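**Q** Please find one structure pasted underneath; my questions will follow.
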Amino acid sequence: MELRKINTNDIEAQWAYTTELPTDENGLTNPYNGVSYEEYKEKVLPTLISYEHPVNMPDWFVPETYYYLWDGDCLIGEFRIRHHLTEALKNGAGHIGYSISKKYRGKGYGTAGLKLTLDIARKIVPENEIYLRVNKDNIASQKVMINNGGYRVGEDEDHYFMRIPKV
Ligand SMILES: CC(C)(COP(=O)(O)OP(=O)(O)OC[C@H]1O[C@@H](n2cnc3c(N)ncnc32)[C@H](O)[C@@H]1OP(=O)(O)O)[C@@H](O)C(=O)NCCC(=O)NCCS
């Protein structure tokens with residue numbers, strides 16, 4: 001199993017994943033559901049790759065890197081790392097967002113993928129802890145976080161705010 005940064009070689013599998021990913025599932029948003037291969041190739045992929053080193057983006061935009069979890073030839077899931085916090089991210093989505101393809105859920109991939117993502121995030125993120133947010137009714141994702149050392153630091157009406165120590 002490995003995490004590979006978004007790239008042009010894996011375009012077909014990445015497109016298939018992105019176009020199938022729901023627009024909003026448990027707060028993980030994807031504006032590219034249903035996008036055509038051509039549009040993915042011409043617009044979406046270059047845009048997503050550029051997020052790591054953003055140009056002409058608004059001040060609030062934090063560099064974000066997309067990774068895909070692969071098991072052999074199968075693209076299993078997507079993990080996004082936002083490189084540092086802003087006030088909005090601190091009180092919102094935090095550093096990491098992820099999803100696993102529906103057909104591969106419940107097999108330990110979410111837990112394993114977050115572990116690999118944390119290995120990378122720990123080197124990028126300047127804050128002392130990794131911040132995450134999860135919907136209160138998203139038991140699977142809460143377990144993925146807890147399995148990786150996550151603990152709850154707060155809540156609002158719909159979410160728990162979780163943190164994972166960097167060391
Ligand atoms: C959340 C998500 C990433 C979990 O991925 P996954 O590969 O199924 O996770 P795992 O297989 O590692 O399972 C983690 C735990 O959740 C449990 N679990 C899995 N699916 C579950 C479900 N539908 N209901 C309750 N528990 C569930 C597993 O049994 C496992 O429990 P354990 O740690 O006690 O063994 C996946 O369901 C998903 O992509 N959901 C949609 C997007 C999303 O919610 N993203 C997270 C936003 S914070």
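Derivation of every value follows stated rules applied to the coordinates shown; laboratory data play no part. Quantities reported herein were computed from a predicted structural model and do not represent experimental measurements. Every residue, glycine among them, receives a Cβ derived from its backbone with ideal geometry; neighbour counts consider all protein chains shown.
**Q** What ³J(HN,Hα) values, in whole Hz, does the Karplus curve 6.51 cos²θ - 1.76 cosθ + 1.60 give for the stretch 49-57 when θ = phi - 60°, with x put for Gly and Pro?
**A** Along the stretch 49-57, the couplings run 5, 5, 4, 5, 10, x, 10, 6, 10 Hz.
**Q** Still on this model: Show that you can apply the helix-only estimate: for the chain, add -39,500 (n - 2.57) for every DSSP H stretch of four or more residues, divide by all residues, and state [θ] at 222 nm to the nearest 500.
**A** -7500 deg cm²/dmol
**Q** Restricting attention to the stretch 61-123, which GluC sites (Glu not before Pro) occupy a DSSP loop and are surrounded by at most 15 other Cβ atoms within 10 Å?
**A** Taking the stretch 61-123 and a limit of 15 other Cβ atoms within 10 Å, no loop GluC sites (Glu not before Pro) are found.
**Q** Now a separate question. If eta is 1.306 mPa s and T is 10 °C, what Stokes-Einstein diffusion coefficient results for the stretch 2-74, Kirkwood Rh from Cα pairs, in µm²/s?
**A** 121
**Q** Please report the equivalent ellipsoid semi-axes of the chain, computed as sqrt(5 x eigenvalue) of the Cα gyration tensor, largest first, in whole Å.
**A** Sorted largest first and rounded, they come to 24, 19, 15 Å.
**Q** A follow-up question, please. Using only Cα atoms, find the angle between the long axis of helix 109-124 and the longest principal axis of the chain, and express it within 0 to 90 degrees, rounded to the nearest 10.
**A** Long axis of 109-124 versus the principal axis of the chain: about 80 degrees.
**Q** Defining a contact as two alpha carbons under 8 Å apart and six or more residues distant in sequence, what relative contact order in percent does the chain show?
**A** Result for the chain is 18 percent.
**Q** Among rounded, prolate and oblate, which fits the stretch 92-167 when a ≥ b ≥ c are the square roots of the eigenvalues of its C-alpha gyration tensor, a/c under 1.5 means rounded, and a/b larger than b/c means prolate?
**A** Taking the square roots of the gyration eigenvalues as a ≥ b ≥ c, the stretch 92-167 is oblate.
**Q** Here is a follow-up. Cross-link candidates for Lys107: which lysines have Cα within less than 19 Å, leaving aside residues fewer than 8 places away along the same chain?
**A** Counting by Cα, and skipping residues close in sequence, Lys107 has these lysines nearby: Lys115, Lys143.
**Q** Sticking with this structure for a sec: What is the diffusion coefficient of the stretch 42-135 in µm²/s, taking the Kirkwood radius over Cα pairs and the Stokes-Einstein relation at 37 °C with a viscosity of 0.692 mPa s?
**A** In µm²/s, the coefficient rounds to 230.
**Q** Can you find, among Ser36, Gln14, Ile146, the residue farthest towards the positive end of the dipole of the chain? Put +1 on the C-beta of Lys and Arg, -1 on that of Asp and Glu.
**A** My answer, from the dipole projection, is Ile146.
**Q** Now, a different point. Distance between the C-alpha centers of the stretch 2-59 and the stretch 103-153? Whole Å please.
**A** After rounding, the separation between the Cα centres reads 21 Å.
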